[in-house]
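The values are calculated or read from the model by the stated rules, or taken from the named source; none is laboratory data. All values derive from a computational prediction rather than experimental measurement. With ideal geometry, Cβ positions are generated from the backbone for all residues, glycine too; neighbour counts draw on all protein chains shown. We work out accessible area using only protein heavy atoms, side chains counted, and drop any ligands, DNA or RNA first. Shrake-Rupley method; radii C 1.70, N 1.55, O 1.52, S 1.80 Å.
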Amino acid sequence: MTEYKENPRKPHGEDVLGRIRIILVEPSHPGNIGSVARAMKVMGLMRLTLVRPAHFPHPDASALASGAEDLLARAQVVDSLSLAIADCHWVYGTSARDRHIAWPMLEAREAAQEMFQRGKEQEIALLFGRERTGLRNEELDHCQTLVQIPTGSLYHSLNLAQAVQILCYELLMASRGPTQLPDPEETSAPASAAEREGFYGQLEEVLRASGFLQEERSEQMMRRLRRIYDRCQASSNEIHILRGTLTEIQRWATRQQGEARG
Ligand code: SAH
């Protein structure tokens with residue numbers, strides 16, 4: 001089990017996530033607390049605070065944490081929300097309902113991006129409400145921003161741990177920035193115009209010799225073939241491979257001609 005340790009260096013993504021606090025207000029099912037711990041840990045969040053949990057510690061919490069028992073062991077249990085957020089600079093509150101009061105409201109993805117940015121400099125807390133009744137207005141009064149997870153139109157209320165999971169996932173994605181897995185071909189040099197022309201010239205030779213290209217329509221056909229090959233945006237290496245296939249066909253054709261003559 002990997003233990004989380006605060007890293008005193010300038011915060012990188014993981015350190016920022018590890019500091020963001022998830023606060024559950026009066027959770028009634030201990031199993032949900034365990035599932036929340038697991039949902040957090042797999043996404044790199046490590047700080048869990050419980051405000052007046054109905055049952056904690058509890059075997060159901062440990063069973064559902066399954067690999068995230070260390071988070072439960074270190075969870076802070078407090079008597080009041082004010083205590084839980086006393087040293088926080090910005091508090092986000094989650095809500096399944098549209099509240100008709102003037103709290104600024106963000107959707108999960110946007111909120112996670114903002115939280116992650118703020119978390120580089122500030123103490124951030126994200127509050128989740130009771131399974132049945134959510135957060136009360138007087139608790140939302142402690143929040144500077146409300147967060148809503150978009151849902152289908154028929155039902156808006158997620159299971160507590162699943163709501164935590166989605167927000168932690170969005171936080172992890174925010175911490176990773178817009179990077180994507182590198183396409184291995186992107187790392188090889190792009191083909192130059194001269195390389196492409198070399199390939200098209202050789203392709204035309206082969207297709208002419210094979211009888212595929214007929215004089216009257218050859219220009220138009222070559223143009224269409226260029227469109228097809230251009231779509232795959234072959235790299236320099238790939239052009240090399242394509243030319244290799246043509247060279248082998250040419251050698252084979254020459255051998256065949258030799259055999260026919262001999
Ligand atoms: N009936 C309650 C729902 C409670 S669900 C209500 O209307 O608020 C338990 C908790 O899960 C909520 O307090 C909230 O923290 C979170 N949650 C569930 N669905 C959510 C959603 N669509 N957006 C944001 N948080 C949600």
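Of the conditions (1) open to solvent by less than 40 Å² (accessible area, probe 1.4 Å); (2) of a type in the set (S, T, N, Q); (3) more than 16 Å from the ligand (Cβ to nearest atom), residue 49 clears all except one; give me its number.
For residue 49, the failing item is (3).
Within the stretch 170-177, identify whether any single residue is near the ligand (Cβ under 7 Å from one of its atoms), more than 25 Å from residue 66 (Cβ to Cβ) and open to solvent by 10 Å² or more (accessible area, probe 1.4 Å), and answer yes or no. Walk me through how you get there before you give the answer.
Keep residues of the stretch 170-177 that are near the ligand (Cβ under 7 Å from one of its atoms), which gives none.
For the stretch 170-177, residues near the ligand (Cβ under 7 Å from one of its atoms), more than 25 Å from residue 66 (Cβ to Cβ) and open to solvent by 10 Å² or more (accessible area, probe 1.4 Å): absent.
Taking the stretch 148-162 as the region of interest, how many residues are surrounded by 21 or more Cβ atoms within 10 Å (Cβ to Cβ) and near the ligand (Cβ under 6 Å from one of its atoms)?
From the stretch 148-162, those surrounded by 21 or more Cβ atoms within 10 Å (Cβ to Cβ) are 160-161; that's our starting set.
Checking the rest, the ones that are also near the ligand (Cβ under 6 Å from one of its atoms) come to 160.
Count: 1.
Can you tell me which residue among 239, 166 is open to solvent by less than 80 Å² (accessible area, probe 1.4 Å) and within 30 Å of residue 36 (Cβ to Cβ)?
Values: 239 fails: within 30 Å of residue 36 (Cβ to Cβ).
Checking each option against the conditions leaves just 166.
Is it fair to say residue 122 is farther than 16 Å from residue 32 by Cα, more than 14 Å from the ligand (Cβ to nearest atom) and touching a Phe, Trp or Tyr at 6+ places or on another chain (Cβ under 9 Å)? Even if it seems obvious, please write down each step before you answer.
Working: farther than 16 Å from residue 32 by Cα: yes; more than 14 Å from the ligand (Cβ to nearest atom): yes; touching a Phe, Trp or Tyr at 6+ places or on another chain (Cβ under 9 Å): yes.
Yes, satisfied.
I'd like the residue in the stretch 128-147 that is part of a strand (DSSP E or B) and within 7 Å of the ligand (Cβ to nearest atom) and, out of all such residues, is farthest from residue 30 (Cα to Cα).
The initial filter retains those residues of the stretch 128-147 that are part of a strand (DSSP E or B), namely 128, 130, 134, 145-147.
This time we only want the ones that are within 7 Å of the ligand (Cβ to nearest atom), so: 128, 130, 134, 147.
Numbers: 128: 15, 130: 12, 134: 16, 147: 24 Å.
In this case the residue turns out to be 147.
Would you confirm whether or not the stretch 206-224 contains a residue that is modelled with pLDDT of 95 or more, of a type in the set (S, T, N, Q) and more than 12 Å from the ligand (Cβ to nearest atom)?
No, there is no match, as no residue in the stretch 206-224 is modelled with pLDDT of 95 or more, of a type in the set (S, T, N, Q) and more than 12 Å from the ligand (Cβ to nearest atom).
Among the residues of the stretch 205-251, what is the count of those that are aromatic (Phe, Trp, Tyr) and in contact (Cβ under 8 Å) with a residue 12 or more places away in the chain? Outline the logic, then answer.
Restricting attention to the stretch 205-251, the residues satisfying the condition of being aromatic (Phe, Trp, Tyr) are 212, 229.
Subset that is in contact (Cβ under 8 Å) with a residue 12 or more places away in the chain: 229.
Qualifying residue count, the stretch 205-251: 1.
Out of 60, 98, I need the residue that is surrounded by fewer than 18 Cβ atoms within 10 Å (Cβ to Cβ), modelled with pLDDT of 95 or more and of a type outside the set (Phe, Trp, Tyr). Which one?
On the way: 98 fails: modelled with pLDDT of 95 or more.
Of 60, 98, the one residue that is surrounded by fewer than 18 Cβ atoms within 10 Å (Cβ to Cβ), modelled with pLDDT of 95 or more and of a type outside the set (Phe, Trp, Tyr) is 60.
Give me a count of the residues in the stretch 75-95 that are open to solvent by 50 Å² or more (accessible area, probe 1.4 Å) and out of contact with any Asp or Glu (no Cβ under 9 Å at 6 or more places or on another chain).
Applying the first criterion (open to solvent by 50 Å² or more (accessible area, probe 1.4 Å)) to the stretch 75-95 yields 76-77, 79, 82-83, 86-87, 89-90.
Adding the requirement that they be out of contact with any Asp or Glu (no Cβ under 9 Å at 6 or more places or on another chain) leaves 76-77, 79, 82-83, 86.
The number of residues fulfilling the criteria is 6.
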